[in-house]
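Student: Following this message is one structure expressed as structure tokens.
The values are calculated or read from the model by the stated rules, or taken from the named source; none is laboratory data. All values reported here derive from a predicted model rather than from experimental measurement. Virtual Cβ from ideal backbone geometry, glycine too; neighbours counted across all protein chains shown.
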Amino acid sequence: MSSTNSYSTHALRDSFNVSTYLQRIGYTGVITPTAETLKALHRAHLTAVPYENLDIMAGRPFDLSEEALFDKIVLRQRGGFCYELNILFVKLLRELGFRVTLVSARIMHDDGLLGPEFDHPLLVVRCEEGSEDRWLADVGNARWFHEPLLLDAEGWQAQGECAYRLSASCSEFGEDFFQFFQRSNGAAVLQYVFTLHTRQGNDFQPMCLYKWTSPESKFTQGRVCSRILPSGERITLRETSIQTISCTEQTERFFDKANEFESLLYSMFGLQSQ
């Protein structure tokens, strides 16, 4: 993956070019809005486009407009964090004929408390006309499912060695909430809750600003860059370590050379932090 843009940015900078986006994520399959197309696009996006906070750590401003996100992620072949990646993916899916609703999730944090509204954006997707199946999509995450989940399915949905479950109408949070669980050591671990209330990209602006600038935000604590490998494992580069994570094991290598982060960032992701 190269950080050098090979496309003509002069012609494309002010437009949303589907072919260029598909080339960015390495997708060459059919584009009919079916469940299989959605799954393939989702996995391709997570494999090609890294989850990263380099602009945050460099003190650059954020811009959630579709034009700015297309320029950053597609034309300049960068990554982004949850708001950037999912808001742009909404646009791609709609251009391809999918019916997409942007919704808000509240993440269960390490302290056992739920985060605020607009903590994380999610996509609820319907495919071709005539299908009532609803899919939960999320290409802006650094730890969860690699392919969309059926929103109304009962029981666990397996993806390789991982399994996830969605539960509706939980009395603890109200009848219109869904809970998202990940299976860990045989137990159901709550990851976030969400409603199906329709949101717009601009609704996430205040929370994005907080996470982008606050000294209390985890995103301002150090550089991180992560993506899915073709094998299904996730590789994550942090300031002083590199992790390889699957549903069953995690390995971590630490380093202390001042320039090793930059070297690994370029060799593994094709990116530079400055």
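Student: Here's a check for you: in the range 137-152, which residue that is under 19 Å from C247 (Cβ atoms), hydrophobic (A, V, I, L, M, F, W, C) and in a loop (DSSP other than H, G, I, E, B) is modelled with the lowest pLDDT?
Tutor: Among residues in the range 137-152 that are under 19 Å from C247 (Cβ atoms), hydrophobic (A, V, I, L, M, F, W, C) and in a loop (DSSP other than H, G, I, E, B), the one modelled with the lowest pLDDT is A142.
Student: What tally of residues in the range 238-261 results from selecting those that are of a type in the set (A, V, I, L, M), under 15 Å from R227 (Cα atoms) and either at pLDDT 90 or above or part of a loop (DSSP other than H, G, I, E, B) (or both)?
Tutor: So the answer is 1.
Yes/no matrix, rows are residues, columns are (1) within 19 Å of I87 (Cβ to Cβ); (2) part of a loop (DSSP other than H, G, I, E, B):
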site	(1), (2)
Q191	no, no
F194	yes, no
H197	yes, yes
C208	yes, no
S231	no, yes
T236	no, no
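Student: Next up: Go through the range 210-229 and report how many residues are surrounded by 14 or more Cβ atoms within 10 Å (Cβ to Cβ), charged (D, E, K, R) and more than 15 Å from G80 (Cβ to Cβ).
Tutor: Residues meeting the conditions: 0.
Student: Could I ask something else about it? Is it true that L166 is within 25 Å of C208 (Cα to Cα) and hydrophobic (A, V, I, L, M, F, W, C)?
Tutor: For L166, the condition - within 25 Å of C208 (Cα to Cα) and hydrophobic (A, V, I, L, M, F, W, C) - is not met.
Student: Given the residues F98, F89, F118, which is the only one that is of a type in the set (F, W, Y) and under 25 Å from S273 (Cα atoms)? Reasoning before the result, please.
Tutor: Numbers: F98 fails: under 25 Å from S273 (Cα atoms); F118 fails: under 25 Å from S273 (Cα atoms).
F89 is the lone residue from the list that is of a type in the set (F, W, Y) and under 25 Å from S273 (Cα atoms).
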